Every structure is written in structure tokens, then in C-alpha cells.
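Working notes for the structure below.
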Amino acid sequence: MRDSTRVIRAMVAEARAGEPLHAGPVFAAPFHAAGDPAGMKYTYGRSHNPTWTALEEAIAGLEGAGAGVRVFGSGMAAVAAALGAVLRAGDTVVVQQGVYFGGRKLLAEVYAPLGVRVRAVRAAELTDPAMVAGARLVWAETPSNPELEIVEIAAVAQVAHEAGALVAVDNTTATPMGQKPLDLGADLSVCSDSKAMCGHSDLLLGHVATRDDALLERVDAQRTLNGGIAGPMEAWLALRSLATLPLRLERSCANAQAIAEFLRGRDEVSHVLYPGLKSHPGHAIAAAQMSYFGPVLGFTLASKEAADTFLERAEMVTQATSFGGITTTAERRGRWGHDDVQPGFIRMSAGCEDIEDLLADLGQALDGLG
């Protein structure tokens, strides 16, 4: 069964006469649990919930055969659980420069003071045995956010495993429908489902996937002990939203490709980043390991002022942080101070609007910019 069919059918409940096609969310803190709790599937809502289970099984179908999944209340909760499941004082984590700033901040401000050695390296250095030597974990993100660097997951996994390290890949930009890190050798696939997975800019969720049962148990323990759980209503809404992921991703990625090609032809734009462009330095690798190039692109205008003017003029581009929704959004990324980008750099997330409308609007917003 193909991914698009699998994920759409995942929400259909068992066929019973008179019962609804789609089961609703289960709201419970305690469950009936008389006697010996060993073997009880559900006992208390901080540890497990049937709606989580349904969502986790749907996501596992996208992550690939044999994957186990745990969902979390946010992408950062998923990142924290993946790190917490692996790292202990004295360990070394090799982290790709330019990965999501929240993960970098967590490592620098929480893990480093607790005795974890953080070794930041360039994306190209993730396949250098000398840079990975002695590491317990290698953390990569591809395409990275916001600079859209591409990492060859299989090559990183080979070098890391030879060094005795585990590999975690932040797969948020691509989603497991667009890229399957576990199939490419990663030990952990981490995703902020707040983005394209849920796709409507109204939920905070995340997940961690792995094929290692012992590692999954440690991830599960992180969720239970730290309490980074999703509410059942949020999990149910995510499951409902997930059913449209194939349609949303196909449209938004096609729009992103068209926008990137359009921007390359504009004199006001000095640089365009999108893995689907042959001019992107990681295009060949992306084409080999991705099914979709993702909804996110980046481009640079002449200055901060030019970027701000463009965003003010664009009527069909909503100024907002985050990405992956059905609405086209963009922001001047340098305003946060988190990333090493030019003042005029704009990160855009292509939505699902009609591409002709988007291109016409982008054109008028660019006209006359210096």
C-alpha cells in the first residue's frame, strides 16, 4: 500500500454497523484499572491514550516498516525527548551548524551545563570520521531550517555507526512522506508536526520515530516522566489533518518549485535557495533521498528595507513565523537574530493557493525594489 492511501485510510475506524466511520478523541485521565496493572494497555493519561495510539500508528506507516512512534505536545518536546533518551553526562553530541535554533539552544543551555560535550560542525563535516570520533549522537537536519542545507543521510549514518554513534535526523521540513530517515540509516527521526504534518497552522505537536525497541522505550519514558504530552483533542485533530497530507504536500511543493523558478528570473532577487532547483548545491542528494523537495524556500533581497517592503506589499503572503501550512507565509528571518543569514533573507513557506495568483502577487510586490 502506498503512503497516500495508507495515511488516508488510517483514520477509518473498524467497520461496525451503526458506528461512525471515524472514531472520536478519548478524553481520560485515569482509565478503569482494577487488579494487576501488568499488561493493561491504558491506565493513566500521562502515559498513554487511545487517540495517541491511533495517531502514532498512522505516522508509523509513513516512517517506514518496523517504525515505532511516540507523539509529543510540541516539536521541541520531541527534540528534548530524543536528546534525553540518548545523552548522559560525559557524552559528546555532534550537531550540524544551522539546525533549528531551539535544538541548538537546548543543547547549549541545558545539556552542556550538565556535562554533555557539544561539538558543532558544518554539514559537510558530518561525514568526516575525525569530526564524529568519540560521539554518542550525531544530530542532523535536512533540509535545514532556514538555510536549506542538504545532508546525505545514508553517508552520515555510515560514518556515525562506524564510530559507534547514533544518528538523529530532524525531518520537519520534508516530513516522513517526503523523506524517510529510518530507511536511509538514521536511528531516530524527529519531526515538528506543527508544520506540514498537521498543515493548518493551528496545532503544536511533534513526534519521534525509531526501529530500535529499547530506544523507543527510553523515548517513551522521557514523555511520561517529563510530561511533554499531547492532549487527546489535539491528537485527534492531527490525525484528521494527516489524512490530507498527500494532497497538501503535493500542492505546496509544486508551488514552492514554481515560486523558486520565478524568483530566479527576477533582478531584485540576488539568491534563491530551494532543493528542487538544479542550482542548489545539494540538489542531486535531495533528488536521490527525497520524494518531495518540501514547501520551504529562501531568497535574498538587497537589504532589510527591501525585504520589509516586499512583505508589506505582498497581499497573498501572510507574515508569520513557522511554516508548512496551507496558507503561504514568509518572514525576514534575520529579525530574530537566531540564524546566520543576510538582513534581506526571506524564508517563505508555499501554501496551497492557486499558483498563478501567487506569482502575480509576488511580481507586483517585487516591482521597483532596489
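The values are calculated or read from the model by the stated rules, or taken from the named source; none is laboratory data. Since the structure is predicted, the reported quantities are computational estimates derived from the model, not experimental observations. In this analysis, Cβ positions are derived from the backbone assuming ideal geometry, glycine residues included, and neighbour counts consider all displayed protein chains.
Of all residues in segment 143-179, those satisfying the criterion of being part of a loop (DSSP other than H, G, I, E, B) and of a type in the set (Asp, Glu) are 147, 149, 152. Kindly establish whether residue 64 is touching a strand residue (DSSP E or B) at 6+ places or on another chain (Cβ under 9 Å) and on the phi > 0 side of the Ramachandran plot. Taking the combined requirement at face value, the residue satisfies it. Here is the figure for segment 1-44: residues that are over 30 Å from residue 249 (Cβ atoms) and either assigned by TED's automatic domain parsing to the domain that holds residue 250 or free of Cβ contacts under 8 Å to residues at least 60 places away in the same chain (or both) total 20. Selection of segment 97-140 for residues being over 19 Å from residue 82 (Cα atoms) and among the β-branched types (Val, Ile, Thr) yields 121, 127.
Here is the figure for segment 285-325: residues that are crowded, with 19+ Cβ neighbours inside 10 Å and not in a helix (DSSP H, G or I) total 16. The residues in segment 80-95 that are assigned to a helix (DSSP H, G or I) and more than 17 Å from residue 167 (Cβ to Cβ) can be counted, and the count is 1. Residues in segment 96-139 that are in contact with a helix residue (DSSP H, G or I) (Cβ under 6 Å, 6 or more places away or on another chain), under 25 Å from residue 69 (Cα atoms) and not in a helix (DSSP H, G or I): how many? Residues meeting the conditions: 3. Restricting the search to segment 277-286, which residues are small (Gly, Ala, Ser) and in contact (Cβ under 8 Å) with a residue 12 or more places away in the chain? Correct list: 279, 282, 286. Close contacts from segment 90-104, counting a first residue that is outside the structural domain of residue 78 (by TED's automatic domain parsing) and closer than 20 Å to residue 74 by Cβ and a second that is at pLDDT below 95 and surrounded by 19 or more Cβ atoms within 10 Å (Cβ to Cβ), with Cβ to Cβ under 7 Å and a gap of 6+ residues or different chains, come to none at all. Among the residues making up segment 259-276, those that are closer than 13 Å to residue 295 by Cα and without any contact (Cβ under 8 Å) to a residue 60 or more places away in the chain are 260, 276.
Close contacts from segment 144-165, counting a first residue that is outside the structural domain of residue 189 (by TED's automatic domain parsing) and touching a residue at least 40 places away in the same chain (Cβ under 8 Å) and a second that is assigned to a helix (DSSP H, G or I) and not hydrophobic (A, V, I, L, M, F, W, C), with Cβ to Cβ under 7 Å and a gap of 6+ residues or different chains, come to none at all. The criterion of being surrounded by fewer than 17 Cβ atoms within 10 Å (Cβ to Cβ) and either closer than 16 Å to residue 166 by Cβ or without any contact (Cβ under 8 Å) to a residue 40 or more places away in the chain (or both) does not hold for residue 67.
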